[in-house]
1. Based on this model, can you work out whether Pro251 counts as in contact (Cβ under 8 Å) with a residue 60 or more places away in the chain, farther than 24 Å from Leu200 by Cβ and in the same structural domain as Leu197 (by TED's automatic domain parsing)?
2. Would you kindly identify the strands (runs of 3 or more DSSP E) lying entirely within the stretch 79-188 that contain at least 2 residues that are loosely packed, with under 15 Cβ neighbours inside 10 Å?
3. Only residues that are modelled with pLDDT under 90 and buried (at least 18 other Cβ atoms within 10 Å of the Cβ): list them for the stretch 226-241, please.
4. What is the number of the single condition among (1) more than 16 Å from the ligand (Cβ to nearest atom); (2) outside the structural domain of Thr223 (by TED's automatic domain parsing); (3) touching a residue at least 12 places away in the same chain (Cβ under 8 Å) that Arg125 does not meet?
5. Applying the selection to the stretch 32-53, what residues are outside any helix (DSSP H, G or I), within 13 Å of the ligand (Cβ to nearest atom) and more than 18 Å from Leu117 (Cα to Cα)?
6. Name every residue in the stretch 203-225 that is at pLDDT 95 or above, assigned to a strand (DSSP E or B) and open to solvent by less than 10 Å² (accessible area, probe 1.4 Å), in order of residue number.
7. Looking only at the stretch 222-248, which residues are more than 16 Å from the ligand (Cβ to nearest atom) and either β-branched (Val, Ile, Thr) or touching a residue at least 40 places away in the same chain (Cβ under 8 Å) (or both)?
8. Cβ-Cβ below 8 Å, separation at least six or inter-chain, first residue in the stretch 188-199 and within 8 Å of the ligand (Cβ to nearest atom), second assigned to a loop (DSSP other than H, G, I, E, B) and of a type in the set (D, E, K, R): which pairs?
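The values are calculated or read from the model by the stated rules, or taken from the named source; none is laboratory data. Here the structure is a predicted model, which means the values were calculated and not measured. Cβ atoms come from the backbone with ideal geometry, glycine included; neighbour counts cover every protein chain shown. For the accessible areas, the whole protein counts, side chains as well, though only heavy atoms, and no ligand, DNA or RNA atoms are used. Shrake-Rupley method; radii C 1.70, N 1.55, O 1.52, S 1.80 Å.
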Amino acid sequence: MELLERLTIIPDRAQQVVVLTGAGISAESGVPIFRGTGSMWEDPLARRLAARAGPPWNTKATWEFYEWRRALVARCEPNTAHRTLVAMESYFTNFCLITQNVDGLHRRAGSKNLLELHGNMWQGRCPSDGALVDLPDTPLSSLPPYHSCGTALRPHVVQFGEPIDPTILSESLKASMRADLFFVIGTSGVVAPARDLPLLALNKGAKVIEINREETVLTPHVTVSIRGKAAEILPRLWNELLEKAGVRDAPKPY
Ligand code: OAD
């Protein structure tokens, strides 16, 4: 089956390409999603740890939940979808990857122009001065970890109801408004403001391509929606785009 049958796209290097990812892109790596089949909440331990976690978000209980998640992700590797996005970044002059994921797998795959809307579980944040501290090792030697100023760090993760970092949000909005091509991959599209970005791009004239194993609230609005696993669909789609454009020299590190 040609994935591009309904899509009139030539991957011109000069296009502004924006990608929004959600938990589904990491599903093939073994990281559980948040909603539906395969969700993190199917595990009673996750529910128990999350129930005790906070607020406040800088307690031992908060870190016990995040240590559980960090240990799980530490066993996972970026998959072919993450790596295809790295290849796409090196092909397009203007490429921006916006992720809702806090698992750090895009960074580990090698993505550079990356906006982490909801933070990153491999960093702690100081509630008193906002400093970010890399915490690459799990388990941590003590819970909670402390900043050099003496304040207990919190995970650098946006909790439900908390605002997104205004700089990250503004860059995400700007990139989305300029997009010619917008890929929305593995997100249920129910959490704002991320869910608004593809719609904004669409309103500004971008072609929006959704990749998801299921129909979502975004599906009726997008230019084309492709059903399937991101780790299978995205590399195939990328190959087809390159073939269609007659491009032979694009990186294919997957
Ligand atoms: P969800 O769990 O809400 O949605 C995951 C989506 O991925 C669903 O639409 C699935 O159908 C799809 N999916 C699952 N496996 C897939 C695969 N192999 N290939 C392609 N698609 C697949 O996750 P998000 O939309 O990322 O926020 O959730 C958004 C936010 O809600 C998260 O960032 C998190 C959560 O509350 C915070 O932690 C602040």
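1. no
2. 132-134
3. Leu241, the sole residue that qualifies.
4. (1)
5. Pro32, Arg35, Gly36, Thr37, Gly38, Ser39
6. Of everything in the stretch 203-225, those that are at pLDDT 95 or above, assigned to a strand (DSSP E or B) and open to solvent by less than 10 Å² (accessible area, probe 1.4 Å) turn out to be Val208, Ile209, Glu210, Ile211.
7. Of everything in the stretch 222-248, those that are more than 16 Å from the ligand (Cβ to nearest atom) and either β-branched (Val, Ile, Thr) or touching a residue at least 40 places away in the same chain (Cβ under 8 Å) (or both) turn out to be Thr223, Glu240, Leu241, Leu242, Lys244, Ala245, Val247.
8. Ser188/Arg35; Gly189/Arg195; Val190/Arg35
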